[in-house]
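Scroll down for the structure; my scribbles are underneath it.
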Amino acid sequence: MKPELKFLSDVEIKLIYDSAIRILSEIGMIMPHPEVIKIMKDAGAEILDNNLVRISPKLVESAMKTVPKRGDVVLYGQDREHDVCFIDRLPTNVCMTMAVDVIDPWSNERRTATNEDLARLTWLADQMPIISINGGLVTPQDVPGAYNDWYTWATTLKYTKKHITGGMLGAKCVKDAVEMASVAVGGIENFRKRPCISGWVLTLPCLAFDFESIDAMIEMNKQNIPIILTSGPMVGATSPMSCAGTLSQTLAEILGAITLTQLVNPGAPVIFCSFVRSLDMRSAIACMGSPESGMMRSAMGQIGKWFDLPVRMPCLLRDSKVLDAQAGFETGVTGVLGAINSDQMDSMQLDSDLVVDYADLVFTPDCVEGLQRIVKGINVSQEHLDDCFETIKAVGPMGSFLDHPKTLKNCRKELWHPKVLNRQNYNVWKDSGAKDVRTVAIEKVRSLLNEMKGSHLSDEQCAQIDEIVENAQK
């Protein structure tokens, strides 16, 4: 059977759900958007001063009936080879977005991320089979700041054939991203049939939206673009100093947003996600790799699957500034906690989501394959044990299984063999250059980048996409 990891019993999930419902109905959420206020009012929500909306349990329950379940959601690639569904799959590696710095693959120095970095990182992610969803791992800082999202969409569409998740600043950005994606897939009709992009929507703790996010969300709903819907409160800062209380607030914000999506467009696809995290009370820094952050996100993943929704969690984001022992510890702890309760795991950023090390594009996929092996669990069946009995009988006491035919036949099915992590004995490792894991990974990255060519799109398609970005700035 596959392993289970439960931080919450079904009774405790119901308690958190009931608390979230109470928060929405008695406290409410701020939704500063005239169209949204009208939609909520017409649906029977209570509208108070300052765009505060109180949402009844009945409205939430109705929304949870129409929101698509895990088996009904597909994230389409630009071609069918890269389609991603959520049933009977092992958890996959997906690209987090919006870091602002990189660790240069040649100088190994930290510097500001450029649009060229974005192109390289997107292309590298496209080469890794274990990475199922691409996206703007970095936000280029050498382009006009108000149009970062436009440049990010343009560049990622040119350098990957996989599904892309990215940020969208307001309804205008959504419309332009759709237009760019339509160019990439050969027209708007092709895009409508198979939308190859999805967008982040983050609530604003505590219990609020900002205008641009909610504006983008309702436009994505209208266009049936999947939304990665997330809430990210910090324990003790933007939520109570309580993991349980923070979970109830987090869930309230997500349920409030889901309710709105289903009022705008019943059946609009939503991916359940949460950036819930702890705050280091000494440094006032948000902790992505702390045990509490990992526990709460695993619990939120458990809640998402309790609702039977597709689940994406930022399981592999680290607080370490470099790819060192701390990063390895945080990858292992938060990775195991997240992998068992998540369908997709955001990853490949360091320093609380601020920096991307190119080496991570090789290191993290290797780690995720190891996590997938854990999630597969142990095959225990009578047939399997009978087969093993016959093997043991054939080898006999004091025998060796190394030369038995079934050892070679089954070794790759039963055991995980890393591509980057080192298991050689010390002398072999030393004679091979005594390279640490980052050195091995960055050498692989440099080798791959030497093979990088231009966009997979035609020059004409690239020019059309660039024109959309230019027109947005006019």
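Can you compute the helix-only [θ] at 222 nm over the chain? Use -39500 (n - 2.57) per DSSP H run of at least 4 residues, normalise by all residues, nearest 500 deg cm²/dmol. If you can, show how the numbers build up before the last one.
Values: 17 runs with 224 residues, N = 474.
Calculated at 222 nm, the ellipticity per residue is -15000 deg cm²/dmol.
On the protein heavy atoms, probe 1.4 angstrom, tell me the percent of accessible surface of the chain carried by carbon and sulfur. Intermediate results must be reported in sequence, preceding the final value.
Details: 11440 of 20930 Å².
About 55 percent, which is the carbon plus sulfur part of the accessible surface.
Among V380, M281, T203, flag the residue with its Cα farthest along the positive direction of the charge dipole of the chain, charges on Cβ as +1 for Lys/Arg and -1 for Asp/Glu.
Result: V380.
Taking every eigenvalue of the Cα gyration tensor of the range 391-474, multiplying by 5 and rooting it, what semi-axes result, largest first, whole Å? Intermediate values should be presented prior to the final figure.
Details: eigenvalues 510, 93, 21 Å².
Those come to 50, 22, 10 Å.
Leaving out ligands and nucleic acids, and using a 1.4 Å probe, what accessible area per residue does the chain come to in Å²? Could you put the intermediate results ahead of the total?
On the way: 20930 Å² over 474 residues.
Using a 1.4 Å probe on heavy atoms only, each residue of the chain averages 44 Å².
Where in the chain are the helices, taken as whole DSSP H runs, whose Cα atoms extend 27 angstrom or more along the long axis and whose Kyte-Doolittle mean reaches at least 0.0?
On the way: long enough: 243-264 (32 Å, 1.15).
Flagged H segments are 243-264.
In straight Cα distance, which lysines are under 25 Å from K193, not counting same-chain residues fewer than 8 positions off?
Here the lysines satisfying the reach criterion relative to K193 are K65, K69, K158, K161, K162, K172, K175, K222.
Residues in the range 106-143 near a label at Q473, defined as backbone nitrogen under 16 Å from the 7 Å Cα→Cβ point?
The answer is 114-116, 140-143.
What chymotrypsin sites (Phe, Trp or Tyr not before Pro) does the range 361-435 have in DSSP loop regions with at most 12 other beta carbons within 10 Å? Could the numbers behind the result be given before it?
On the way: sites: F363, F389, F401, W416, Y426, W429; in loops: F401, W416.
Hits after loop and neighbour filter: F401.
Taking the Cα centre of the range 338-474 as origin, work out the dipole magnitude from +1 charges on Lys and Arg Cβ and -1 charges on Asp and Glu Cβ, in debye rounded to 20. Don't jump to the answer; show the numbers that get you there.
Details: 16 positive and 23 negative charges, 171 e Å.
So the dipole magnitude of the range 338-474 works out to roughly 820 debye.
Pop a pseudo-label 7 angstrom from the Cα along the beta-carbon direction at both D459 and S242 and give the gap in nm to one decimal.
Simple spin-label model gives 6.5 nm for this pair.
Evaluate the charge dipole of the range 87-222 about its Cα centre and quote only its size in Debye, nearest 20, assuming +1 on the Cβ of each Lys and Arg and -1 on the Cβ of each Asp and Glu. Each step should come with its number before you reach the end.
Numbers: 13 positive and 16 negative charges, 109 e Å.
The dipole of the range 87-222 has a size of about 520 debye.
Lysine pairs in the range 329-474 8 or more apart or on different chains: how many have alpha carbons under 15 angstrom apart? It would help to have the intermediate numbers written out before the result.
Working: K376/K413; K393/K406; K419/K435; K419/K444; K435/K444.
Count of close lysine pairs: 5.
Please return the longest range in the chain lying between exposed loop sites, taking GluC sites (Glu not before Pro), DSSP loop only, at most 16 other beta-carbon atoms within 10 Å, and leaving the sites out. Mind showing how you got there, number by number?
Numbers: sites that count: E4, E109, E451.
For GluC sites (Glu not before Pro) (loop position, at most 16 other Cβ atoms within 10 Å), the longest site-free span of the chain is 110-450.
Under 17 Å between alpha carbons, and skipping anything fewer than 8 positions from K58 in its own chain: which lysines qualify?
Qualifying lysines at Cα under 17 Å: K14, K41.
Compute, for the range 272-429, the length of the dipole vector about the Cα centre, with Cβ point charges of +1 (Lys, Arg) and -1 (Asp, Glu) only. Units Debye, rounded to 20. Intermediate values should be presented prior to the final figure.
Details: 16 positive and 20 negative charges, 40 e Å.
Once rounded to the nearest 20, the dipole reads 200 debye.
Find how many whole Å separate the alpha carbon centroid of the range 332-351 from the alpha carbon centroid of the range 1-69.
26
For the range 48-140, which chymotrypsin sites (Phe, Trp or Tyr not before Pro) are in a loop by DSSP, counting at most 12 other Cβ atoms within 10 Å? Can you show the working numbers first?
Numbers: sites: Y76, F86, W106, W123; in loops: Y76, F86, W106.
Qualifying residues, ordered by number: W106.
How high is the relative contact order of the range 254-298, given as a whole-number percent (alpha carbon pairs under 8 Å, six or more residues apart)?
Working: 31 pairs, mean separation 12.6, N = 45.
It rounds to 28 percent for the range 254-298.
Binning at 5 Å from 0, report for the range 24-181 what percent of all alpha-carbon pair distances ends up in each bin.
Per 5 Å bin, starting at zero, the Cα-Cα P(r) for the range 24-181 comes out as 2, 8, 14, 14, 13, 13, 13, 12, 8, 3, 1, 0 percent.
Projected onto the charge dipole of the range 85-234 (+1 at Lys/Arg Cβ, -1 at Asp/Glu Cβ, origin at the Cα centre), which of L121, I164, A146 gives the Cα projection farthest towards the positive end?
The one lying farthest along the dipole's positive direction is I164.
What chymotrypsin sites (Phe, Trp or Tyr not before Pro) does the range 236-320 have in DSSP loop regions with at most 10 other beta carbons within 10 Å? Before the final figure, lay out each step's value.
Details: sites: F272, F275, W306, F307; in loops: F275, F307.
Answer by residue number: there is no such site.
The values are calculated or read from the model by the stated rules, or taken from the named source; none is laboratory data. Computed from a predicted model, the values in this text were never measured in an experiment. When we count neighbours, we look across all protein chains shown, and the Cβ atoms used for this are built from the backbone with ideal geometry, even at glycine. Ligands, DNA and RNA are stripped out before the accessible areas are found, and what is left, the full protein with its side chains, is counted by its heavy atoms. Shrake-Rupley method; radii C 1.70, N 1.55, O 1.52, S 1.80 Å.
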